[in-house]
Amino acid sequence: MTKLTKYLIFTFAVPWIIMIIGYNAFNSGTASGDSLYNNSLALCMFIPTIGAFIVKADIKGMGWNPKIEKNWKFLLIAWLAPTVLQILGAICYYIVFPDDLDTSGGFLKEYDPDEFERFKECGSSFVKYYAKEILNSLMACDLMISTVLGLGEEIGWRGFMYPELKERFGYTKGVLLGGVIHGAWHFPVMLLMGYEYGKDYIGAPLLGLFAFCVYTTATGVIYNFLYEKSHCILVCAIYHASINAVFNPKYLGRTELRRVFGPADIGLVAVIPTVLVAAAIIYFRNKNSKMEFDEL
């Protein structure tokens, strides 16, 4: 059995068991059950790293020096790209579904009264409200905590699994397959708890599973680009943290049944900018590789 096979068996089996335990605890309807559920999800984020240690991956060789003078561009991309792509994705969604846009705050008042109060504090202006949300997501203290949690996944996914897949299947097939694997890893919590999309949406539950794999595949290409360019796993962890901390444009309108399409960038329409960036990275990466091969 190869190291990659051992890694995948462990990294899938253990979190899936933990997710099921967390789901049962959540269904108990108690505060302790809710806490156990949330903690179980956090614990799952470290399983890929544990898996990498178990198969004796080269943890030290994954790059731990950010080399800011050399990698500042990639650190900046890791920090800002999720927000930029989220904004572009939301624009795409509301171009396709303009009737879903509601800047009056009516849906916000119904959906989350606390957020509606924050909306009123901004003078009932969605521009000011979202400008504040975007700024908070970029400067949030949670970003540092999320970086630690993100590192728990990235050591396993981008540090170990992606290089193994690229070596076995080549660059393009490797990174695309890696994204599908990363997406499928979330399936239990998506099916049991409605993670990301809920349970009541168009095409549920299969379309949600497909949409999420499209997202993880596209972002996986970007992760891999940042890792190849920076040779630092911390850059991937920052990108992961920025994705988790990014603002959610769902309060702009009533989108429950169409949430599988957006406006969050995990939707099939809102993910278009991310997919285009990923496609460009693959195209130019392969083009440059061919040019180097031809020169040899």
Check on Lys132, in a helix (DSSP H, G or I) and either surrounded by fewer than 14 Cβ atoms within 10 Å (Cβ to Cβ) or in contact with a strand residue (DSSP E or B) (Cβ under 9 Å, 6 or more places away or on another chain) (or both): no
In segment 168-189, residue surrounded by the most Cβ atoms within 10 Å (Cβ to Cβ) [restricted to those that are hydrophobic (A, V, I, L, M, F, W, C) and touching a Phe, Trp or Tyr at 6+ places or on another chain (Cβ under 7 Å)]: Val175
Contacts under 7 angstrom Cβ, first residue in segment 226-249 being under 15 Å from Ile68 (Cβ atoms), partner basic (Lys, Arg) and part of a loop (DSSP other than H, G, I, E, B), 6 or more apart: Cys232/Lys67
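Being closer than 29 Å to Glu110 by Cβ and of a type in the set (D, E, K, R) is true for just one of Arg258, Arg168. Which residue is that?
Numbers: Arg168 fails: closer than 29 Å to Glu110 by Cβ.
Criteria check complete, one pass: Arg258.
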Extreme residue, farthest from the chain's Cα centre (by Cα), among residues of segment 86-124 that are under 16 Å from Glu256 (Cβ atoms) and outside any helix (DSSP H, G or I): Asp102
Within segment 88-128, considering residues that are buried (at least 19 other Cβ atoms within 10 Å of the Cβ) and modelled with pLDDT of 90 or more, the one farthest from Ile266 (Cα to Cα): Tyr94
Scan of segment 269-279 for residues that are in a loop (DSSP other than H, G, I, E, B) and under 14 Å from Gly220 (Cα atoms), ordered by number: Val271
Only one of Ile266, Ile282 that is assigned to a loop (DSSP other than H, G, I, E, B), out of contact with any strand residue (DSSP E or B) (no Cβ under 8 Å at 6 or more places or on another chain) and within 25 Å of Lys166 (Cβ to Cβ): Ile266
Residue within segment 141-150 that is crowded, with 18+ Cβ neighbours inside 10 Å, closer than 30 Å to Ile17 by Cβ and among the charged types (D, E, K, R) present: no
Segment 31-51, residues that are surrounded by fewer than 18 Cβ atoms within 10 Å (Cβ to Cβ), in contact with a Leu (Cβ under 9 Å, 6 or more places away or on another chain) and farther than 15 Å from Tyr195 by Cβ: Phe46
Any hit, segment 206-226, residues being out of contact with any Cys (no Cβ under 6 Å at 6 or more places or on another chain) and modelled with pLDDT under 90: no
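Just one of Ala25, Ala42 is touching a helix residue (DSSP H, G or I) at 6+ places or on another chain (Cβ under 7 Å), small (Gly, Ala, Ser) and within 18 Å of Gly150 (Cα to Cα); which is it? Working first, answer last.
On the way: Ala25 fails: within 18 Å of Gly150 (Cα to Cα).
The unique qualifying residue is Ala42.
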Residues located in segment 1-53, provided they are hydroxyl-bearing (Ser, Thr, Tyr) and assigned to a loop (DSSP other than H, G, I, E, B): Thr2, Ser28, Thr30
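Residue by residue through segment 19-47, note down the ones that are of a type in the set (A, V, I, L, M, F, W, C) and under 20 Å from the mean Cα position of the chain (by Cα).
Within segment 19-47, the subset of a type in the set (A, V, I, L, M, F, W, C) is 19-21, 25-26, 31, 36, 41-47.
Within segment 19-47, Met19, Leu41, Ala42, Leu43, Cys44, Met45, Phe46, Ile47 qualify.
In segment 13-37, how many residues are touching a residue at least 12 places away in the same chain (Cβ under 8 Å) and over 20 Å from Ala237 (Cα atoms)? Please lay out each step first, then the result.
So in segment 13-37, the residues touching a residue at least 12 places away in the same chain (Cβ under 8 Å) come out as 14-16, 18-23, 25-26, 36-37.
Cutting the leftovers down to over 20 Å from Ala237 (Cα atoms) gives us 14, 16, 18-23, 25-26, 36-37.
Number of matching residues: 12.
Considering only segment 239-292, state which residues are small (Gly, Ala, Ser) and either at pLDDT 90 or above or surrounded by fewer than 19 Cβ atoms within 10 Å (Cβ to Cβ) (or both). Reasoning before the result, please.
Here is the first cut: in segment 239-292, the ones small (Gly, Ala, Ser) are 241-242, 245, 253, 262, 264, 267, 270, 278-280, 289.
Those that are small (Gly, Ala, Ser) and either at pLDDT 90 or above or surrounded by fewer than 19 Cβ atoms within 10 Å (Cβ to Cβ) (or both): Ala241, Ser242, Ala264, Gly267, Ala270, Ala278, Ala279, Ala280, Ser289.
The values are calculated or read from the model by the stated rules, or taken from the named source; none is laboratory data. Every value quoted in this text rests on a predicted model; they were computed, and no experiment measured them. Using ideal geometry, Cβ is built from the backbone for each residue, glycine included, and neighbour counts are taken over all protein chains shown.
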